[in-house]
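K.L.:
This is the structure, below, for whatever I ask next.
The values are calculated or read from the model by the stated rules, or taken from the named source; none is laboratory data. Just so we're clear, the structure is a prediction, and the values are computed from it rather than from any experiment. Because the Cβ atoms are built from the backbone with ideal geometry, glycine has one as well, and the counts that use them run over all protein chains shown.
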Amino acid sequence: MNAPSQITSDFSSNDLHARIAQHLTYTLGKDRAHASTYDWRMAVSHTIRDLIVEPWFAATRRTYEAQGKRVYYLSMEFLIGRILEDAMINLGLHRQIEAVLAEEGIALADVIEDEPDAALGNGGLGRLAACFMDSLSTIGCPAFGYGIRYEHGLFRQRFEGGRQVETPEDWLNQPHPWEFERPEAAYTIPFKGTVWDGIWTPSETVLARAYDTPVVGWQGQWANTLRLWGAHPTELFDLDRFNSGDHTAAAHPEALARTLSRVLYPEDATDGGKELRLKQEFFLVSAALQDLLRRFTTEYDDLNLLSEKVAIQMNDTHPALAGPEMIRLLMVDHGLDWDAAKRIAQGCLNYTNHTLLPEALERWSTWLMGRVLPHHMQIIERIDAEHRAATGCPPHLGIVWQDQVHMGTLAFVMASHVNGVSALHSDLMAKTVFADLNAVYPGRILNQTNGVTPRRWMRLANPGLSRLITDVIGAGWEAELDRLRDLGAHADDPDVLARLAAAKRANKVALADWVAAKTGITLNPDALFDVQIKRIHEYKRQLLNVYETIARWQAIRQTPDADWVPRVKIFGGKAAPGYWVAKDIIRLINDVGAVVNSDPLMRDRLKVIYPANYNVSMAQRLIPAADLSEQISTAGKEASGTGNMKFTMNGALTIGTLDGANVEIRDRVGAENFFLFGMDADGVQARYAVPDHARKAILASKVLQEVLQVISEGRFSPDEPKRYHGLVDATWNHDPFLVASDFDAYLSAQAQADAAFKDPDHWHRLALRNIAGSGHFSSDRTIRGYMADIWGAESLLQDT
Ligand code: 26Y
């Protein structure tokens with residue numbers, strides 16, 4: 001048996017240098033004298049990719065030989081970010097490449113910065129998929145990620161007069177050096193048409209073509225494949241039309257097909273593009289299942305073995321058509337009968353839920369489903385009929401109910417296991433949204449608390465802290481994150497605390513330099529850096545943070561010479577283009593920033609920074625520089641959060657509610673090292689029942705009244721005093737996310753943070769305890785949990 005080869009840093013620098021020069025000359029066709037940063041980036045990327053190919057092949061060979069179970073992770077989103085630096089770090093070649101480039105007079109940092117982010121996702125769910133790919137390879141679990149190769153990832157955000165403006169993202173404008181196009185791996189994806197006697201005659205087809213990116217794990221011991229599907233026309237061109245002179249119409253088939261993989265849907269998109277979204281979901285699912293069935297049937301001839309050899313994870317309901325599509329393929333292409341096809345499909349499929357918010361649970365009208373996927377509509381009705389008959393459930397628990405297909409119910413019914421993403425979330429799933437289904441399918445729901453990869457989020461993003469950790473607890477913690485526990489013994493070691501303080505300060509200086517270059521605003525690196533970065537959403541309560549910012553501004557203005565702890569409030573995040581309230585919140589943050597930052601009484605005491613176009617690369621800058629992590633959602637609404645984990649491992653303290661994974665973070669780092677405030681999930685439910693809860697809370701809080709008053713007066717929008725009347729009015733009268741009811745508690749938690757920050761030794765001790773308690777939140781732990789409890793998959797890495 002071939003052991004997967006391990007890439008270590010035993011490449012000589014001469015060797016690497018020669019390989020890069022070779023690519024520069026023969027792949028890029030560039031003479032050194034004229035090579036641009038882009039050319040060097042391509043040459044280095046190809047060199048690194050070459051080195052990944054060997055462990056990639058070895059991993060594939062090993063999987064075939066071992067006949068191991070393969071995991072297929074189906075996700076409409078993979079929010080990867082930049083690839084080059086991560087790959088170099090995983091291979092241990094970062095420093096050597098830096099030295100080679102330096103000999104050429106090139107700064108590695110510039111080369112790294114030249115790479116566009118692969119932003120094929122909206123936020124948490126997509127980034128989780130990317131962390132999972134990293135961990136699957138690090139652990140050596142045979143796996144494929146299946147997604148869509150969107151030409152345009154998540155939109156770019158600009159601010160115009162403080163308002164969010166979206167422009168298209170174009171990461172594929174330049175050649176993408178990490179992928180291998182696979183023209184031979186192509187499948188026909190059918191749509192529309194008619195079904196007669198169980199035979200579907202589609203009226204539209206497109207071709208799904210595979211593009212493979214190898215994903216290398218820690219120390220290059222294993223590499224899995226991220227296989228993204230691009231849409232192509234089944235017939236390239238209408239030659240008759242072209243020849244008859246109608247040149248534009250002749251290209252229609254091509255244009256139609258390509259729209260399928262053209263853009264990533266922004267979360268909460270409006271009705272307009274619904275049909276296209278449904279087609280995208282089916283496109284992914286059908287291509288993925290045809291591909292995995294082809295792979296399976298070349299290795300085995302008994303389809304009854306499928307669920308023993310294949311585990312499929314549906315990342316939320318977006319790929320929930322996998323249930324009916326698997327049944328269809330097994331029956332139509334492989335000749336199985338209904339019962340066998342359904343049993344086998346169920347044996348392979350699992351479903352992860354990422355939200356309990358009713359508006360985010362997908363539903364499709366039976367009319368649309370019947371038109372776009374007529375055969376699947378029939379299959380869904382049959383699954384539904386059997387589900388109703390077997391469980392005797394009341395009508396509203398059906399998959400099809402009131403002319404809508406409920407994708408959460410479909411996914412639940414067709415899955416072997418259904419999981420939530422934090423202990424609290426899984427618990428609430430079983431008690432609320434999925435309570436009835438849980439009763440009729442007991443034991444199906446389980447928990448797998450999210451995690452994040454420490455390779456990208458510590459080692460890459462925070463080299464200073466990483467060096468310190470290695471010095472204190474020894475090498476190798478990046479793949480054994482529980483060992484961070486050992487840092488706890490050093491919480492009273494003045495040398496370690498001083499080095500921790502220095503590492504944090506260096507990151508803050510670097511961030512301040514970046515902010516100065518971008519915005520011209522100078523930050524005091526000794527201020528408390530307070531960071532809230534995530535999608536802009538009412539339940540995440542950026543509004544609570546802005547209200548507190550305004551209260552702080554007013555308080556400083558009243559007694560500017562009091563002993564203020566200098567604060568920098570940093571925001572980052574995008575709003576869905578059609579989400580008007582979220583866009584108002586963005587504008588308010590920017591308007592408040594403009595007033596605060598130009599107020600001569602503020603100086604270092606308070607600054608508000610909101611860099612546009614938050615993305616993975618920006619997160620890598622902000623998180624290591626944060627002192628305080630804002631995790632302030634309305635309890636019960638944030639399924640898990642993963643940013644919260646990244647901050648904790650980078651030594652930021654959390655100010656947060658008992659929501660999502662905050663609960664588990666607080667348990668692990670210790671309650672005394674966490675600024676907890678606000679109502680818990682039960683408290684939230686009770687509060688909703690109080691009539692006029694918002695008005696009551698506001699009337700009880702003089703500070704909040706004054707905040708709302710200055711906003712209403714137009715202090716932050718003098719050119720349009722009524723700009724925020726809608727927001728203020730909503731806070732008084734509806735306040736659906738209980739900003740008012742938690743405001744005073746938040747204010748005092750912020751005061752506690754100020755007090756703690758005044759004593760640097762104390763603060764850094766708390767920070768160290770946070771890092772020491774964060775080992776549980778490695779996505780390696782999460783993936784091991786899925787492997788053991790859901791997939792029944794094993795690592796094929798040999799002990800070395
Ligand atoms: C358009 C539509 C159907 C849709 C598209 C994307 C609906 C939801 C989403 C994305 C959801 C998402 O990112 N959820 C987040 O998942 C993270 C990973 O589990 C959690 O940490 C986070 O709490 C949750 O909001």
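K.L.:
Name the pairs: first residue in region 374-385 and under 19 Å from G193 (Cβ atoms), second residue modelled with pLDDT of 95 or more and of a type in the set (S, T, Y), Cβ to Cβ under 8 Å, at least 6 apart or on different chains?
P.N.:
P374/T194; M377/T366
K.L.:
A further question on this structure: If I go through region 445-461 residue by residue, how many of them are basic (K, R) and buried (at least 24 other Cβ atoms within 10 Å of the Cβ)? Working first, answer last.
P.N.:
Here is the first cut: in region 445-461, the residues basic (K, R) are 455-456, 459.
Now narrow it down to the ones that are buried (at least 24 other Cβ atoms within 10 Å of the Cβ): 455-456.
The qualifying residues number 2.
K.L.:
Filter region 328-362 for residues that are among the acidic types (D, E) and within 16 Å of the ligand (Cβ to nearest atom); which is surrounded by the fewest Cβ atoms within 10 Å (Cβ to Cβ)? It would help to see each step written out before you state the result.
P.N.:
Just the residues of region 328-362 that are among the acidic types (D, E), to begin with: 333, 337, 339, 359, 362.
Remaining after also requiring within 16 Å of the ligand (Cβ to nearest atom): 359, 362.
On the way: E359: 6, E362: 18.
Looking at residues that are among the acidic types (D, E) and within 16 Å of the ligand (Cβ to nearest atom), I get E359.
K.L.:
Kindly indicate which of E104, E77 is of a type in the set (D, E, K, R) and within 16 Å of the ligand (Cβ to nearest atom).
P.N.:
Details: E104 fails: within 16 Å of the ligand (Cβ to nearest atom).
Checking each option against the conditions leaves just E77.
K.L.:
Something else now. Check region 142-150 and report whether any residue there is away from the ligand (no atom under 16 Å from the Cβ) and either farther than 30 Å from L373 by Cα or in a loop (DSSP other than H, G, I, E, B) (or both). Full working, then the answer.
P.N.:
Filtering region 142-150 for residues away from the ligand (no atom under 16 Å from the Cβ) gives 142-144, 146, 149.
If we keep only those that are either farther than 30 Å from L373 by Cα or in a loop (DSSP other than H, G, I, E, B) (or both) too, we end up with 142, 149.
The answer is yes, given that some residue of region 142-150 is away from the ligand (no atom under 16 Å from the Cβ) and either farther than 30 Å from L373 by Cα or in a loop (DSSP other than H, G, I, E, B) (or both).
K.L.:
Condition check: hydroxyl-bearing (S, T, Y) and either within 16 Å of F78 (Cα to Cα) or surrounded by 13 or more Cβ atoms within 10 Å (Cβ to Cβ) (or both). Does T167 satisfy that? Steps first, please.
P.N.:
Working: hydroxyl-bearing (S, T, Y): yes; either within 16 Å of F78 (Cα to Cα) or surrounded by 13 or more Cβ atoms within 10 Å (Cβ to Cβ) (or both): no.
Criteria not met by T167.
K.L.:
Kindly evaluate A311 against the criterion of being of a type in the set (A, V, I, L, M), in a loop (DSSP other than H, G, I, E, B) and crowded, with 23+ Cβ neighbours inside 10 Å.
P.N.:
no
K.L.:
Only one of G123, G147 is surrounded by 19 or more Cβ atoms within 10 Å (Cβ to Cβ) and either acidic (D, E) or in contact with a helix residue (DSSP H, G or I) (Cβ under 8 Å, 6 or more places away or on another chain) (or both); which? Give the steps one after another, and end with the answer.
P.N.:
On the way: G123 fails: either acidic (D, E) or in contact with a helix residue (DSSP H, G or I) (Cβ under 8 Å, 6 or more places away or on another chain) (or both).
Among G123, G147, only G147 is surrounded by 19 or more Cβ atoms within 10 Å (Cβ to Cβ) and either acidic (D, E) or in contact with a helix residue (DSSP H, G or I) (Cβ under 8 Å, 6 or more places away or on another chain) (or both).
K.L.:
To continue, here is another question. Output the residue which, of all residues in region 66-85 that are buried (at least 21 other Cβ atoms within 10 Å of the Cβ) and more than 28 Å from E267 (Cα to Cα), is nearest to the chain's Cα centre (by Cα).
P.N.:
E85
K.L.:
A further question on this structure: Looking at region 197-211, can you tell me whether even one residue there is under 23 Å from the mean Cα position of the chain (by Cα) and either within 16 Å of the ligand (Cβ to nearest atom) or touching a residue at least 12 places away in the same chain (Cβ under 8 Å) (or both)?
P.N.:
Of the residues in region 197-211, the ones under 23 Å from the mean Cα position of the chain (by Cα) are 210-211.
Applying the additional criterion that residues be either within 16 Å of the ligand (Cβ to nearest atom) or touching a residue at least 12 places away in the same chain (Cβ under 8 Å) (or both) yields 210-211.
Yes - at least one qualifying residue is present in region 197-211.
K.L.:
Being in a helix (DSSP H, G or I) and among the aromatic types (F, W, Y) is the filter here, so list the residues in region 367-402 that pass it.
P.N.:
At the first step, the residues of region 367-402 found to be in a helix (DSSP H, G or I) are 367-372, 374-391, 395-397.
Hit for region 367-402 is W367, nothing else.
K.L.:
Do any helices (runs of 4 or more DSSP H) lying entirely in region 403-478 carry at least 3 residues that are more than 26 Å from E638 (Cβ to Cβ) and not basic (K, R), and which ones are they? Spell out the reasoning first.
P.N.:
Working: elements: 407-414, 423-431, 435-440, 463-473.
Here the list reads 463-473.
Quick grid of which residues meet (1) under 17 Å from Y746 (Cβ atoms); (2) in contact (Cβ under 8 Å) with a residue 24 or more places away in the chain; (3) within 13 Å of the ligand (Cβ to nearest atom):
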position	(1), (2), (3)
L622	no, yes, no
A625	no, yes, no
S629	yes, yes, no
A639	no, yes, yes
G643	no, yes, yes
K646	no, yes, yes
M649	no, yes, no
L658	yes, yes, no
I665	no, yes, yes
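Condition check ((1) assigned to a helix (DSSP H, G or I); (2) within 16 Å of the ligand (Cβ to nearest atom); (3) closer than 19 Å to S203 by Cβ) across all residues:
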site	(1), (2), (3)
R258	yes, no, yes
Y265	no, yes, no
E275	yes, yes, yes
K279	yes, yes, yes
L284	yes, yes, no
D291	yes, no, no
R295	yes, no, no
D301	no, no, no
N304	yes, no, no
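K.L.:
I've got another one for you. Let me confirm something: among D333, D316, which residue is more than 25 Å from C141 (Cβ to Cβ), at pLDDT 95 or above and charged (D, E, K, R)?
P.N.:
D333
K.L.:
Inside region 686-722, can you point out the residues that are surrounded by 17 or more Cβ atoms within 10 Å (Cβ to Cβ) and outside any helix (DSSP H, G or I)?
P.N.:
Those that are surrounded by 17 or more Cβ atoms within 10 Å (Cβ to Cβ) and outside any helix (DSSP H, G or I): S701, R715, F716, S717.
K.L.:
Report, ordered by the first and then the second residue, all pairs with beta carbons closer than 6 Å, sequence separation of six or more or different chains, a first member in region 255-268 that is over 17 Å from S75 (Cβ atoms), and a second member that is in a loop (DSSP other than H, G, I, E, B) and within 16 Å of the ligand (Cβ to nearest atom).
P.N.:
From region 255-268, the pairs are D268/A576; D268/Y579.
K.L.:
Further question on the same structure: Could we say that T391 is closer than 20 Å to D436 by Cα, touching a residue at least 24 places away in the same chain (Cβ under 8 Å) and either more than 16 Å from the ligand (Cβ to nearest atom) or surrounded by fewer than 18 Cβ atoms within 10 Å (Cβ to Cβ) (or both) here? Explain how you work it out, then say what you get.
P.N.:
On the way: closer than 20 Å to D436 by Cα: yes; touching a residue at least 24 places away in the same chain (Cβ under 8 Å): yes; either more than 16 Å from the ligand (Cβ to nearest atom) or surrounded by fewer than 18 Cβ atoms within 10 Å (Cβ to Cβ) (or both): yes.
So T391 fits the description; yes.
K.L.:
Let me ask you something else. Here's a check for you: in region 462-492, which residue that is hydrophobic (A, V, I, L, M, F, W, C) and over 25 Å from the mean Cα position of the chain (by Cα) is surrounded by the most Cβ atoms within 10 Å (Cβ to Cβ)? Can you show your working first?
P.N.:
Here is the first cut: in region 462-492, the ones hydrophobic (A, V, I, L, M, F, W, C) are 465, 468-469, 472-473, 475, 477, 479, 481, 484, 487, 489, 491.
Restricting the remaining residues to those that are over 25 Å from the mean Cα position of the chain (by Cα) gives 468-469, 472-473, 475, 487, 489, 491.
Values: L468: 20, I469: 27, V472: 19, I473: 18, A475: 8, L487: 24, A489: 12, A491: 16.
The qualifying residue surrounded by the most Cβ atoms within 10 Å (Cβ to Cβ) is I469.
K.L.:
Go through region 312-327 and report how many residues are small (G, A, S) and more than 15 Å from the ligand (Cβ to nearest atom).
P.N.:
Quick first cut of region 312-327, residues small (G, A, S) only: 320, 322-323.
Cutting the leftovers down to more than 15 Å from the ligand (Cβ to nearest atom) gives us 322-323.
Residues that pass the stated criteria total 2.
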